């Protein structure tokens, strides 16, 4: 497509593309904006190395492409504008959440990266928010890198989970890159590597001190709890990774309390999701923290989201042409837009309109340059918590609720009608 635009003489045309959520994943009332720093980094670094250009030149699809196009790639940089909702913003279906305005090749090329970079962490962040809500004030720790689809997905998933409210991650690389609190325990292999369970516990205490979390279910959970209790402090607590979490946590709590370790905490892990967490919390299980892996790192029940990246207008020599897709079930809306978040609804308006409430799409890059430093991960995490706290309670529940109202401004409705009339056969 880039070569086609160039050869057709369209490379100077300025296009506006929008990332929009067509439909929320099944079972979701919202997703959280995440992944924006990765998009910014991609756009700021977007260029072609000589070996990449030579590879493209050698593809049979490019045999008829002029050398001028490959010279164009050598000079290629992103010079356009990026507008986006801040990380941590709750997002809903039927609204744009990111806009790129640039020469058409520069606006078209980021499509695949942008869709991937936003969709995956948005799903994980919203999954984390659901787990945290279900935990009712107990800590949720991200444990999922070993189940993530790639190692890098594990790192970015850990970042998204922390943004969504998790207390920390077991992924030390994510901790190093993003400053996320690192939490975790030893594995069963640690326990099995020693001649006795007690010796494995003792050696772990020697290394970790007050941060020690003893994994007690390698052989017999209750006996493991007794052995950990006999060693006593220093000890953060114990982890149960299998079995009946409710019954075992109660029994283990009694063992720890009887040994005078009332401050020792209990972490539970093992195939948890928000529904199992809620069940344990509602039952009053004496659990202080939940380690959530597979379901969180993959957004297991909702691993994809129907999002789009569509051209909405073209500037051809100063003349605007509005574009829209009219195909059944995949209609897109013409014109660059802004979203105003009011107290009880979102209003999708034309870009440049004045509205009430918070304007969600904010300038991030102008002319290929960063407008101001992006909010930190901690700031995005706070925004997520505060924004979710203002949402109606029904939308924060695990069950599907009536959707957040999305309406179109009068000017946008008029543009939609006019564009559809012009494009209809």
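The values are calculated or read from the model by the stated rules, or taken from the named source; none is laboratory data. Here the structure is a predicted model, which is why all the values come from computation and not from measurement. Glycine also receives a Cβ, built like all others from the backbone with ideal geometry; neighbour counts cover every protein chain displayed.
Out of the stretch 333-348, which residues are in a loop (DSSP other than H, G, I, E, B) and either crowded, with 19+ Cβ neighbours inside 10 Å or not assigned by TED's automatic domain parsing to the domain that holds residue 17 (or both)?
333, 334, 335, 336
Could you identify the single residue in 173, 156, 204 that is assigned by TED's automatic domain parsing to the domain that holds residue 229, part of a helix (DSSP H, G or I) and touching a residue at least 60 places away in the same chain (Cβ under 8 Å)?
Of 173, 156, 204, the one residue that is assigned by TED's automatic domain parsing to the domain that holds residue 229, part of a helix (DSSP H, G or I) and touching a residue at least 60 places away in the same chain (Cβ under 8 Å) is 156.
Can you tell me which residues in the stretch 7-59 are more than 30 Å from residue 322 (Cβ to Cβ) and more than 26 Å from the chain's Cα centre (by Cα)?
Residues satisfying the conditions are 48, 49, 50, 51, 52, 53, 54, 55, 56, 57, 58, 59.
Would you confirm whether any residue within the stretch 386-408 is in contact with a strand residue (DSSP E or B) (Cβ under 6 Å, 6 or more places away or on another chain) and farther than 18 Å from residue 31 by Cβ?
yes
Identify, from the list 64, 28, the residue that is in contact (Cβ under 8 Å) with a residue 40 or more places away in the chain, outside any helix (DSSP H, G or I) and in the same structural domain as residue 317 (by TED's automatic domain parsing).
Criteria check complete, one pass: 28.
Name the single residue that is modelled with the lowest pLDDT among those in the stretch 315-332 being farther than 15 Å from residue 423 by Cβ and surrounded by 11 or more Cβ atoms within 10 Å (Cβ to Cβ).
Out of the qualifying residues, it is 316.
Within the stretch 109-116, is even one residue in contact with a helix residue (DSSP H, G or I) (Cβ under 9 Å, 6 or more places away or on another chain), over 18 Å from residue 306 (Cα atoms) and at pLDDT 95 or above?
Yes, the stretch 109-116 has at least one match.
Which members of the stretch 177-194 meet the condition of being touching a residue at least 40 places away in the same chain (Cβ under 8 Å) and part of a loop (DSSP other than H, G, I, E, B)?
Those that are touching a residue at least 40 places away in the same chain (Cβ under 8 Å) and part of a loop (DSSP other than H, G, I, E, B): 179, 180, 183, 184, 185.
Say we look at the stretch 132-153 and pick out the residues that are assigned to a helix (DSSP H, G or I) and over 14 Å from the mean Cα position of the chain (by Cα); which of these is surrounded by the most Cβ atoms within 10 Å (Cβ to Cβ)?
Among them, the one singled out is 132.
Let me confirm something: among 266, 277, 287, which residue is part of a loop (DSSP other than H, G, I, E, B) and either more than 24 Å from the chain's Cα centre (by Cα) or crowded, with 16+ Cβ neighbours inside 10 Å (or both)?
Going through 266, 277, 287 in turn, the sole match is 287.
Scan the stretch 363-378 for residues that are exposed (fewer than 13 other Cβ atoms within 10 Å of the Cβ) and either within 20 Å of the chain's Cα centre (by Cα) or closer than 23 Å to residue 174 by Cβ (or both) and report the count.
1
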